[in-house]
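A.B. asks: Please see the structure below; I have some questions.
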Amino acid sequence: MVEFRIDRRSGVATYLQIVRQVEQALRLGLLGPGDKLPTAKEVVAATAINPNTVLKAYRELDRAGLVEARPGLGTFVRRSLARPGAAADSPLRAELADWMDRARAAGLDREDVAALVASLLDEIRFDDRDDHRDDHRGGDPAARERHRTSEGTA
């Protein structure tokens, strides 16, 4: 079962933190179809937030088609967002964990790592499967052209 972590200093609405954490658990395969989410009462007991906030988050997830409320039974996952490469036990996650260890050893903090990841996400296109990388090798147009030519995409 998922345990919610609420960061009151994040500036992100509490209900959105719950929505994002459920979506993340669905992407990582930690939650799957048929799994039951904690009741509003359980979430309130664990996080000391308003029960209406939990219900708002669950309604948002329901509208997105990710969960469904079953009166008298609870809220259950309707569909998964997991992909094999994104699973919590995937080799990619292990490689990322190793990279995180190297980043920490290099003196980077959470904000530094977040900035690096965000900058790469801004540079890499995930919508085009044939050439999923935009320029993440720096700002040298000649280097980009050499790379494209070497891949046969000139």
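Readers should treat all values here as calculations from the given coordinates under stated rules, not as data from a laboratory. Keep in mind it's a predicted model, so treat the numbers as computed, not measured. Quick reminder, even Gly has a Cβ in these numbers, built from the backbone with ideal geometry, and neighbours come from all protein chains shown.
A.B. asks: Sort through 69, 40, 46 and tell me the only one that's more than 30 Å from residue 116 (Cα to Cα), in contact with an Asp or Glu (Cβ under 9 Å, 6 or more places away or on another chain), of a type in the set (Gly, Ala, Ser) and in contact (Cβ under 8 Å) with a residue 12 or more places away in the chain.
C.D. replies: 46
A.B. asks: Here's a follow-up. Only residues that are of a type in the set (Lys, Arg) and either closer than 13 Å to residue 24 by Cβ or in contact with a His (Cβ under 8 Å, 6 or more places away or on another chain) (or both): list them for the stretch 84-102, please.
C.D. replies: Correct list: 93 only.
A.B. asks: Follow-up question, since we're still on this one. Under 6 Å between Cβ atoms, at least 6 apart or on separate chains: pull out the pairs that start in the stretch 97-113 with a residue that is without any contact (Cβ under 8 Å) to a residue 60 or more places away in the chain and end on any residue that is surrounded by 10 or more Cβ atoms within 10 Å (Cβ to Cβ) and not β-branched (Val, Ile, Thr).
C.D. replies: Final answer for the pair search is 113/103.
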